[in-house]
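Before any comments, here is the structure.
The values are calculated or read from the model by the stated rules, or taken from the named source; none is laboratory data. Remember, it's a predicted structure, so these values are computed and weren't measured experimentally. Quick reminder, even Gly has a Cβ in these numbers, built from the backbone with ideal geometry, and neighbours come from all protein chains shown.
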Amino acid sequence: MATFQYRALAASGAAVSGQIEAASHADAVGSLRKAGMRPIEIAEPKAGAARTKRGGKTPARLITNVFAELGVLLQAGLPLDRALAIAVENVEQPPLRARLADVLAAVREGKPLSAALSAHSDLFPGLAPAMTEAGEANGKLGEALARLAQMLEQADEQRRQIGSAMTYPIALGVIALGVILLMLLFVVPQFEGLFASAPPGKLPAASLFVMGASQFVRANGLIILAVLAGAGFAARTALARPGGAAWLDRTILDVPQIGVLVRNIETVRFARSLGALIEGGVPLPNALALARRTVTNGHMSAAIGEVTDIVRQGGGLAAPLAERRVLPTMALSFIRTGEETSQLGPMLARLSTVLDRDVKVRLERVIAVATPVIVVSLGVLVAAMVASIMSAILGFNDLAVAQ
């Protein structure tokens, strides 16, 4: 049995919170519903969770929870201002609570929720006002906010998966570099005095190379750091220019395996956002313009922008996307089918689910290949350094025996 923290809506319409013991998340939901409550949020408590400091960055998870809570409360029949008031009361982070209080005040003054959210564009994602406005127009604001929360949660989950997948290889790479520098800066110099007395031509070539590398790094360490810093600054400056960034984004898509992975990740973001916007009632041209913002690859974003202009002029979606060859073949098939059956929104949602699974598999493959390559490379480099030193020492022993 596990203990879950919950927030729920009682039969009277009041928001309640507490803890419940259950074997699983599903059992906790069932127990609350049997008790006549409608769950808003259920989570297993995490030990040692740190609170966000006042004025700090608001985690995306908190914003997602706010939209999910509003969706549940509105679908339960509560007025918008009452639902917002409950959401404000339940937020613990002071900066977010203050922003939501401003949104509540604007709504009570008669402004639409979409306009109130737009006034805080630095906090809420750009898709939020559009989906909210569509929900206000068709009278399904609760469903629109619930769909928005689901989309944001899926996007956040994808970011966490990518970050977790890349953490281990990056850590191994840093450790490998640290071990090599440790050998060159501290271990190899311990044998310099011994090797200095060796007769000319008696040291192995590998030993001479390692000793020379150690001396070069120690003598020119600051220069090496300055060159690396300058190269990094120059690369950053070049990539900050439109031409440089476009070249990098286009080149990444052409890299074997990595390009396919990046293309699929971007397509998942685009399809998920576009599908949610269309199902929320946002017109296709506007939905395309908003979904394009979720695409971080400049080359793909530019192509989608061109397609958006064509759609605004009355053109289709699948054909111009196929001409620009920025989306996977599978994505084009799903989009074409969605257009032909007038089910573009559901097909895009299905596409994002299918490609998201493919991204997970490809990430696992990348990690499965990168991890042993880094470990073996580190082992070979360290072993080569040790072998070069040991061969020189054994050479000294042979000379001593011969004498």
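Among residues that are in the same structural domain as ARG272 (by TED's automatic domain parsing), of a type in the set (A, V, I, L, M, F, W, C) and out of contact with any helix residue (DSSP H, G or I) (no Cβ under 7 Å at 6 or more places or on another chain), ALA171 is included.
Per the conditions (1) over 30 Å from LEU284 (Cβ atoms); (2) free of Cβ contacts under 8 Å to residues at least 40 places away in the same chain; (3) surrounded by 15 or more Cβ atoms within 10 Å (Cβ to Cβ); (4) not acidic (Asp, Glu), the sole criterion not satisfied by ALA98 is (3). Residues in the range 101-150 that are polar (S, T, N, Q) and buried (at least 17 other Cβ atoms within 10 Å of the Cβ): SER114, SER118, THR132, GLN150.
For the range 280-287, the count of residues that are more than 39 Å from the chain's Cα centre (by Cα), polar (S, T, N, Q) and either in a helix (DSSP H, G or I) or over 27 Å from ALA128 (Cβ atoms) (or both) is zero. For the range 313-372, a tally of residues being outside any helix (DSSP H, G or I) and touching a Phe, Trp or Tyr at 6+ places or on another chain (Cβ under 9 Å) returns 1. Filtering the range 236-279 to residues that are among the polar types (S, T, N, Q) and either closer than 24 Å to THR337 by Cβ or surrounded by 21 or more Cβ atoms within 10 Å (Cβ to Cβ) (or both) leaves ASN264, THR267, SER273. In the range 166-259, counting only helices (runs of 4 or more DSSP H) that sit wholly within it, the ones holding 1 or more residues that are over 30 Å from SER388 (Cα atoms) and at pLDDT 85 or above span 221-240, 242-254.
Residues in the range 115-149 that are more than 18 Å from ASP81 (Cα to Cα) and modelled with pLDDT of 85 or more: LEU123, PHE124, ARG147, LEU148, ALA149.
Within the range 281-299, residues that are on the phi > 0 side of the Ramachandran plot sit with their Cβ atoms under 8 Å from residues that are assigned to a loop (DSSP other than H, G, I, E, B), at 6+ positions apart or across chains, in these pairs: GLY281/LYS140.
Looking for something β-branched (Val, Ile, Thr), surrounded by 15 or more Cβ atoms within 10 Å (Cβ to Cβ), more than 30 Å from ARG336 (Cβ to Cβ) and over 21 Å from the mean Cα position of the chain (by Cα) - is there at least one such residue anywhere in the range 209-216? Yes, the conditions are met somewhere in the range 209-216. Restricting the first member to the range 183-196 and to residues that are within 14 Å of GLY212 (Cβ to Cβ), and the second to residues that are of a type outside the set (Val, Ile, Thr) and not in a helix (DSSP H, G or I), the beta-carbon pairs closer than 7 Å and six or more apart or on different chains are PHE195/LEU203. When the test is whether a residue is within 30 Å of ARG293 (Cβ to Cβ), of a type in the set (Asp, Glu), modelled with pLDDT of 85 or more and within 17 Å of the chain's Cα centre (by Cα), GLU153 passes it. Looking only at the range 87-141, residues that are of a type outside the set (D, E, K, R) and more than 30 Å from the chain's Cα centre (by Cα) come to 9 in all.
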